[in-house]
Amino acid sequence: MSQNTAPIKRDQGVHRGPLGGGPGMMRGGEKARDFKGTMKKLLHYLSPYKVSFIIVFVFAIASTVFNIIGPKILGKATTKLFEGVVSQIAGTGNGIDFEYIGNILLLLVGLYIASSVFSFIQGWVMTGVSMKITYRLRKEISEKINRLPLRYFDSTSQGEVLSRVTNDVDTVSQTLNQSLTQIITSVITMVGVLVMMFSISWLMTLVVMIILPISAVFIGIIVKNSQKYYKQQQEYLGHVNGHVEEMFGGHIVVKAFNGEKRSIEKFDGLNNTLYSSAWRSQFISGLMMPIMNFVGNLGYVAVAVLGGVLAFRNLITVGDIQAFIQYVRNFTQPITQIANVSNVLQQTAAASERVFEFLAEAEEPPDTTNPVVLESARGHVEFRNVHFGYTPEKTIINDFSAEIQPGQKIAIVGPTGAGKTTMVKLLMRYYDIQSGAVLVDGHDIRDFTREGLRDKFGMVLQDSWLYNATIMENIRYGRLDATDEEVYQAARIANVDHFIRTMPDGYNMMLDEETSNISQGQKQLLTIARAVLSKPNILILDEATSSVDTRTEVLIQKAMDNLMQGRTSFIIAHRLSTIRNADRILVMNKGDIVEQGTHTELLEKNGFYAGIYNSQFEEADIY
Amino acid sequence: MLRTIKYLKPYALTVVVAILLLFVQAIAELSLPNYMSDIVNVGIQQGGIENAVPQVIRSSQLEKMYIFMTPEEKNSIQSAYDLLTPSAANYAAITKKFPAATEGEVYVLKDLSSEEIDALNPITGKALLAVYTLEQASADPAKMAELGQMTGMELPQLPAGTDIFALLQQIPAEQLQQIVDAVSEQFASMDSSLITQSAAEAVRAENEALGADPQSIQTNYILRVGGMMLLVSVVIVVSVILNSLLSSRAGAGAARDMRRDVFSKVESFSKAEFETFSTASLITRCTNDITQVQMVIIMMLRLVFYAPIMGVGAIILAVQNSPSMTWIIGLGVAVLLSIILTIFSISLPRFKRIQALIDRINLVTRESLSGLMVIRAFNTQNFELERFDKANVDLTENNLFVNRVMVVMMPAMTLIMNGLSLLIIWVGSHQVAASAIQVGDMMAFLQYAMQVVFSFLMMSMMFIILPRATVSIRRIDDVLKVDPVIKDPETPKPFDQKSMGLVEFRNVSFRYPHAEEDVLCNISFTAKPGETTAIIGSTGSGKSTVVNLIPRFFDVTDGAVYIDGRDVREVTQVDLRKRIGYIPQRGVLFSGTIESNLRYADENATEEEINQAAETAQASSFIAKMEGGMDAPVSQGGTNVSGGQKQRLAIARALLKKPPIYIFDDALSALDFKTDAALRRALNKSTEKSTMIIVTQRVSTIKNAEQIVVLDEGEIVGKGTHDQLMESCETYREMVSSQLTGEELLR
C-alpha cells in the first residue's frame, strides 16, 4: 500500500525544458558570484509576501506530515483485519471488528482530505505569489529600461537585457513555484520518514541509511555524465542552428551560386554530429529514475532480511516490519530531489543576481522639479561652450559654440564615424553634456522635463525602427491621438501613400515581427510619415535620405520644406545637394566639430570641408 | 501527425523493440508486488514456511495425521513421501538441514511440481492443524475444554501427559469418524491460505522437532525471494535502460532526418516562399520545433506508451484476482477521467496560448530595446509600458490560470488514489468477512488498482504534451508540404552554347501573391552582351523586382523572360544560374575566411584568378590590410567586415564566377563615389563581353550606360541613353536634377 503522492510528483519533474534536463540537475552548474548576498536580496524582495510564504510552509508541512502518518494508521486497520480473520477462523473472537476498521478508515478519509486541502491551499497560494513576483519583476525591468540612460546600452547588448526579462525571470519564477514546494515537501518527507523509521527500529533504519552513500555515488556519476553530454549537445545544436541561420539568411546568395548542394552537405555533417550527442544526452538523463528505483529495492530486501531476523527474536512485531517496509519505499525519491536542491538554488541565485543587477543600474538623473513649460518652441537653438565625451576620460567635443536662428536649416556633415549623431543625442538630451550648455529658445535644456523637451523635436533615424503592428498604427506612433485622416495626410506628404495601398491589406497591413515584410526604403518612408504626423517645432533627419532614392528624396524634401516653414531643422547627410541649401553646415571629424559656416564660406575657407567636397565632386564626375 | 510517424519508419525495429521492452518492464513491474508481499507474508509472518506440506516428517507424526484423513487422502500422501534411507541420494543434504532426521524413521517429500504441492496443501494442512491443535490441547487442559466446546463433544478430561492420539486410535471407528467430521467441518470455512498460515506454525514445530534451524529457514526464504525480487528489479532496470537507449536513438534519429528534410526543403524555396514564412520563422521551424518533436517522440516511447500497457496489464490481473471488486477500479477511473477531462477542457486553450504569449512579451521587449531613441523622441514611454504591461498581464493571467488548474489537479489526484484504496479496504474487508476473497487478494487488488489509476494519470499527460507538440509538428508540416512555386521543368532544355548573355523581357507583369496592385506592369526591354543596361527608379518602383525575375528568384505573373532565346522557365535552375553573376543589395558573406567566401563562386579557381577578382572589385587593398590577408576569418553574418567591404567581396565573388550576365542589384550604393568610380572602370575592362545589368539610384553610376530603363510605379516611363532620356523623359530629368547641379551637368 503505497498510496501517497510520490509517483505523481516524481514524473512531474522528469521532463521539462526543451531538451529534457530538469531545472538544475542535468544542466551545467551555473553559479552566482555572490550567492549569499543575492539570496538575501531575493529574500528581501520576497518579504512583502511573508504571510503567504508562512501559509505555504505551514500547509506544505501539514500536508506532508499527514501523508506520512497515513500508512502507519492504515497499518493498524490491516492488522485489525488480519486479527479479525484469524479469530474468525479460530472461532475465538467476534470475527472482524468492522466498527474499529470503519473508524480508522473514516479517520484516514479525514486525514487524506485534510492533506489534499492543505496541499491545494499551499499550491494555490504559492502559484499566486510566484506569479505576482514574476509579474512584478518583469514590470520593474520594463520600467527600468525606460529610465536607464542611453549610455547603459552602449555597453550592454539587447540580447543580454532580453534574456533577463525572459529566461532569468522565468527561472526565478519556476524555481519559486515548483522547486520551493518540492524542497519543503521532500525535506519534510525525508525527515518524517526517518523519524517514523527510527520510531520503529533504529537498527533497520541504520541499514536503510546505507542507501544514502550508494545513491550519492549513482547520482553523482549520472549527473556528471549527463551534464557533459548536455553541454556537448547544446554546443552541436549551436553549430546546426548557426549554419541554418547563416544559410537561410543568405538564401539568395546560396541560390545565385548554386550552393544548395554544398550547403546541404555541410548541414548533414553537423546534423549527424548533433544526432550522436543528442541521443547520448537523452539516454543518460533517462537513467536516473530506474537506477534510483533499483537502489530502493536493494534497501527493501536488506530491510526484509534484517526484519525477519529481528522478528524471529521477537525484537519487532510483524506489523511494524510491514509499516517500516512501506516507509523504505518512500525513502529514495526525496533523496533524488534533495540532491538536486543545491543545483536549483545555485540557478535561482545566478538568475536573480542578473535581474537584481539590472534593476540596480544607475538611472538617468531626475527631471528638474521646476521645469520650463513651452507651448511651442520658436526654434532658437544655441550651443554654448559645449564639452562632451561618451566616457568622462575621453572628451570628443571640445568647446563647441553655435547659435541657430529659428527656421534655419543646419546640415551636419563629415565622414562615417565622425560622430554626426552625437549632436542629435545631445540636443534630445539622450546624453548630458559635461560642461557648457545647450539652449532651446534661451532655456537650458536641462531646465525642461525630458518629455517637454523632446516634444518639440521630430526625428527620423538611420535605422528605421518600426514595431509589430499595422502600418496605420506605426505612423500614428508619431502622435497617438491622430485621426485616420491625419495619418493618410502624413503618408501622402511622405510620399508613401501609393506604396501602402499596393500592399496587401493596405494601411491595415501588419508589419511582421522582424518588420521585414517591407523594404528598407519603404520603412524609412514610414518613419518620415511618422515624424510628419508629430508636427514638431524642430526637425532632425539623421541620414534619413540614405536609403531613399534621390527622386523620392526630392518629393520628401518638398514636403519637409513646407512642413518646416519657420521651423529649425538639423539634417545629417552625405549628399551635397541636400547640404548646399543649408543655412549653416557643421563639419565634424573624429567626434569634434571642426568647421562651421555656409557652403560658400566653407569652400572659400579651403579647409576640411573643401577637401571632402572637392574629392567627392571629382569622383562623382569621373565617368 | 502522420508525417511524424513516417519519420519513425526507418527506426521501426528500434521502436518495436523499445515497445516490447515496455511490455517486459510492465510484466516485471506487475510481478514485483507479489514478491514484495511474499517477503512480508510468507517470509516474515510465516517464518519462511511457504505451505503446509512439510519437506520432512517423522513417521510417528504422519501416523497421527492419517487419523484425520480419508483413505483417498491418505493414499495421495503416502505416494508423495518416501522413507528416508541412508542410501537415498539426498540423504546428506536432508540430514544436514534436519540433523534429528537420523534418529528415527522419517519420510521425505518427493520432488513434486508446485501444482501437486498445492493439491496436497489442504490435506496436510488440515491434518497438521488438527494434530497440532490436539497436541497443544493435551498439554493444556484449558485449551482442551475450549476445543471440546468448539467441536461440541464431551472430551474426556485426561491427565496431563496422556497420549491423546493413542487414545483416539483406540476409540471406536464410528466415534472417531464423528470427531474427524467435526474437525473437517471446522476447516471447511477456511480458505487454503489461512490453513497454510495456521499450519505454518505446525510445520515449524515439526521442523524444530527434526532439529532444523527455523531462523535459517526463514532467512533462506527471504534471501531467495529477495533475490528473485532483485532479479526482477534488474530486469526492470535493464529494460528501462535499453528502452531509454532505443527511444533516445529513435527520437534523435527521427529528429535528424526531419531536420535534414526541412533544411533541404527550405533550400529549395524561392524568394516568394521565403517571404511568406519569414526567415526567422523558418529558422525556428528548422531548429526549436524539431527539438520539440524529438522530445515528444522520446517521451512517447518512454512514458506515454508504457501507461496503457501497464494499465491493461493491471486491469487483467485485478479482474482475475477479485472480479467482484472490479467496479471500484471502474469508479476510480471514471472519477479520475471526468476530473481530468473537465480540467483539461477548461485549461487546454490556455495551454496552447502560453508560447504565443511568451513570444509576445519577448517581441515587445525587443522592440522597446531597439527603439530606445525613437520611443524617447516621441515620448511614448507610457505607451510602451502599457504595451508591455498588457503583454505581461496577459501572460501572467494565463500562467496563473494554467498553474492553478494544475494546483487543483495534483491534490485531487492524490485524494482519488487515497480514497480509492480506503474504499477497497472497506469493501474488501467485508468480502473477506464473507469469505468471498482472501486478505492477500485484497492487498494485491489494491496494488493493481493503484497501477491502473496511475497509468490513466500518465496517459492524461498526453493532453499536456500533445498540444505543444502538435503546434510544432504543424509548423514543420507547413514547411514540408509547400510545393515550391519555382521548379525545374520536367524536360529541361539546354542553352544554346554559342550565343551568350542576351536577356530579354517580353511584356512582363508581376504581382505578389494576395497584393492588390501589380508591382510590375508590361515590362519589355533587351539587354545585350557587351553593353550596360541600367535600371533606375525611385524606391518602390519595382526595379529590384525586375532583376529578381532573371535568375528566377520569382516567376513572372504574365509575359516571359528570355535568356539567349530560352524562356528561363524552360531550363534547369542550376543551368540558368550558372550564366548569372548576381550581386545582392546587401553584401552577404558566410563564416569562413575571405578566400573561402570568394571560392564560393568557383571552388577550383586558381590563386591568380582570386587575386584578379579581388583587384577588380577594389578589395585587394583592404584584404591586404587584414590580419591573415586572404585567410582572415569572416565571422557568421560577416560582422567583422564593414558594409562597403562586404559589398566589394560580394562583387569579387561574382566576378570569379565569370558568367556571361552580371546583375548588380543596387549593389553599388553602399560604396562611396570614389570606389564606385574606380570599380566601374575596372569592371569595364574585365567584363567587356558580358551583359551588365545595373540597378541603382545614382545617376552618376549609369550616366554612360548604353541603355537606361526608367521605372516609375512599376511601369517603364523611359528607355534610352542618358542624352536621349534628358530630352524625352520628365521623370529621369527630375532624378538627374536632384542629384547633379546644373554646374556639374555642364562639365
Per DSSP, the loop-located trypsin sites (Lys or Arg not before Pro) within the stretch A:33-76 having at most 11 other beta carbons within 10 Å are A:33
Burial-style ranking of B:611-622, A:151-162, average other-beta-carbon count within 10 Å with highest first, yields B:611-622, A:151-162
Taking protein heavy atoms only, a 1.4 Å probe, and rounding to whole percent, the accessible area of the stretch A:46-189 owed to carbon and sulfur comes out at 64 percent
Nearest 10, in degrees from 0 to 90: the angle of helix B:381-433 to the longest Cα principal axis of chain B is 20 degrees
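For the stretch A:447-487, what does the alpha-carbon gyration tensor say about shape, rounded, prolate or oblate, given a ≥ b ≥ c as the root eigenvalues, a/c under 1.5 as rounded, and a/b over b/c as prolate? Before the final figure, lay out the partial values.
Working: a/c = 2.61, a/b = 1.50, b/c = 1.74.
Oblate shape, in that a/c is at least 1.5 and b/c is the bigger or equal ratio.
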Residue-ordered couplings for the stretch A:191-203, obtained by feeding phi - 60° into the Karplus form 6.51 cos²θ - 1.76 cosθ + 1.60 and rounding to whole Hz (Gly and Pro as x), are 4, x, 4, 4, 4, 4, 5, 4, 5, 8, 7, 5, 5
Taking the stretch B:506-574, the whole-percent share of alpha-carbon pairs separated by over 17 angstrom is 43 percent
The correct pair for the stretch A:46-189, radius of gyration to one decimal and Dmax as a whole number, both in Å and from Cα atoms, is 25.7, 92
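At 1.4 Å probe size, with the rest of the protein present, what percent of the exposed accessible area of chain B is carbon and sulfur atoms?
Carbon and sulfur: 55 percent of the exposed surface of chain B.
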Diffing the stretch B:653-660: the Karplus 3J(HN,Hα) column from phi (6.51, -1.76, 1.60, θ = phi - 60°), in whole Hz with x for Gly and Pro, holds 4, 5, 5, 5, 6, 6, x, x
Rounded to the nearest 500, the 222 nm mean residue ellipticity computed for chain A from DSSP H runs (n ≥ 4, each -39500 (n - 2.57)) alone is -20000 deg cm²/dmol
Projected onto the charge dipole of chain A (unit charges on the beta-carbon of Lys, Arg, Asp and Glu, signs +1, +1, -1, -1), the Cα from A:327, A:385, A:315 with the largest positive-side position is that of A:315
Whole-Hz Karplus couplings 3J(HN,Hα) for the stretch B:501-515, θ = phi - 60° and coefficients 6.51, -1.76, 1.60, Gly and Pro as x, run x, 7, 10, 9, 9, 10, 6, 7, 10, 9, 9, 5, x, 6, 7
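Counting other Cβ atoms within 10 Å, which trypsin sites (Lys or Arg not before Pro) in the stretch A:306-371 have at most 12 and lie in a DSSP loop? List each step's numbers first, then the result.
On the way: sites: A:313, A:329, A:354; in loops: A:313.
Sparse-neighbourhood loop trypsin sites (Lys or Arg not before Pro): A:313.
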Taking the dipole of chain A about the Cα centre (Lys, Arg +1; Asp, Glu -1; charges at Cβ), the one of A:467, A:281, A:368 that reaches farthest to the positive side is A:281
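Translational D (Stokes-Einstein, µm²/s) of chain B at 37 °C and 0.692 mPa s when Rh comes from the Kirkwood sum over C-alpha pairs? Please report the intermediate quantities before stating the final value.
Working: Rh = 35.6 Å.
Reported coefficient: 92 µm²/s.
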Residue-normalised value, i.e. accessible area per residue, for the protein assembly as shown at 1.4 Å probe, in Å², stands at 41 Å²
Which residues qualify? For residue B:48, with a placed amide H closer than 5 Å and at least 5 residues away or on another chain, they are B:43
Within chain B, the percent of DSSP beta bridges that are antiparallel, given to the nearest 5, stands at 55 percent
Quick numbers on the protein assembly as shown, Rg and Dmax over C-alpha atoms in Å, give 43.9, 152
When the charge dipole of chain B is computed with +1 on Lys and Arg Cβ and -1 on Asp and Glu Cβ about the Cα centre, the Cα farthest towards its positive end, among B:519, B:299, B:23, belongs to B:519
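Rounded to two decimal places and with Rh computed the Kirkwood way over Cα pairs, what is Rg over Rh for the stretch B:503-746? Don't skip to the end; give the middle numbers.
Working: Rg = 18.2 Å, Rh = 18.7 Å.
So for the stretch B:503-746, dividing Rg by the Kirkwood Rh gives 0.98.
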The stretch B:268-480, Kirkwood Rh and Cα Rg, ratio Rg/Rh at 1.18
Probe 1.4 Å, protein heavy atoms only: A and B together bury a total accessible area in Å², to the nearest 100, of 15700 Å²
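According to the Kirkwood expression over distinct Cα-Cα pairs, how big is the hydrodynamic radius of the stretch B:285-324, in Å?
Result for the stretch B:285-324 stands at 12.2 Å.
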Summed over the other residues with a beta carbon less than 15 angstrom from that of residue A:128, with K and R at +1 and D and E at -1, the charge totals +3
Distribution output for chain A: share of Cα-Cα pairs per 10 Å bin in percent, first bin at 0, values 3, 11, 16, 17, 14, 12, 10, 7, 5, 3, 1, 0, 0
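Counting only protein chains, not ligands or nucleic acids, how are B:490, A:353, B:603 ordered by accessible area (probe 1.4 Å), most first?
On the way: B:490 185, A:353 25, B:603 115 Å².
These residues rank, largest area first, as B:490, B:603, A:353.
In the stretch B:503-746, what % of DSSP beta bridges are antiparallel (nearest 5)?
50 percent
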Measuring from the longest principal axis of the C-alpha atoms of chain B, the long axis of helix B:192-209 (C-alpha) lies at a number of degrees, nearest 10, equal to 60 degrees
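Taking a threshold of 19 Å on the Cα-Cα distance, which of the pairs B:97/B:126; A:523/B:703; A:394/A:420; A:255/B:271 fall above it? Provide the component values of the computation, followed by the final result.
Working: B:97/B:126 25 Å; A:523/B:703 28 Å; A:394/A:420 17 Å; A:255/B:271 10 Å.
Listed pairs above 19 Å: B:97/B:126; A:523/B:703.
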Under the helix-only model (-39500 (n - 2.57) for each DSSP H run of 4 or more, divided by the residues of chain B), the mean residue ellipticity at 222 nm, to 500 deg cm²/dmol, is -20500 deg cm²/dmol
Taking placed amide H atoms and a strict 5 Å upper bound, the residues 5 or more places from residue B:107 or on another chain that come that close are B:57, B:58, B:59, B:84
Within chain A, the percent of DSSP beta bridges that are antiparallel, given to the nearest 5, stands at 55 percent
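If you add up the charges near residue B:264, with Lys and Arg at +1 and Asp and Glu at -1, over every other residue whose beta carbon is less than 11 angstrom from its beta carbon, what do you get? Provide the component values of the computation, followed by the final result.
On the way: positive: A:261, B:259, B:260, B:265; negative: A:260, A:265, A:268, B:257, B:261, B:267.
Residues near residue B:264 contribute -2 overall.
Hey, got a sec? Which GluC sites (Glu not before Pro) in the stretch A:413-486 land in a DSSP loop and have at most 12 other Cβ atoms within 10 Å? Walk me through the numbers on the way to the answer.
Numbers: sites: A:451, A:473, A:485, A:486; in loops: none.
Sparse-neighbourhood loop GluC sites (Glu not before Pro): none present.
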With +1 on the Cβ of every Lys and Arg and -1 on the Cβ of every Asp and Glu, the dipole magnitude of chain A about its Cα centre, in debye rounded to the nearest 20, is 2340 debye
Per-residue accessible area, 1.4 Å probe, largest first, puts A:190, A:428, B:228, B:410 in the order B:228, B:410, A:190, A:428
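The values are calculated or read from the model by the stated rules, or taken from the named source; none is laboratory data. All values reported here derive from a predicted model rather than from experimental measurement. Heads up, the Cβs are rebuilt from the backbone with ideal geometry, glycines too, and the neighbour counts pull from every protein chain shown. Surface accessibility is based on the protein's heavy atoms, side chains included, excluding ligands, DNA and RNA. Shrake-Rupley method; radii C 1.70, N 1.55, O 1.52, S 1.80 Å.
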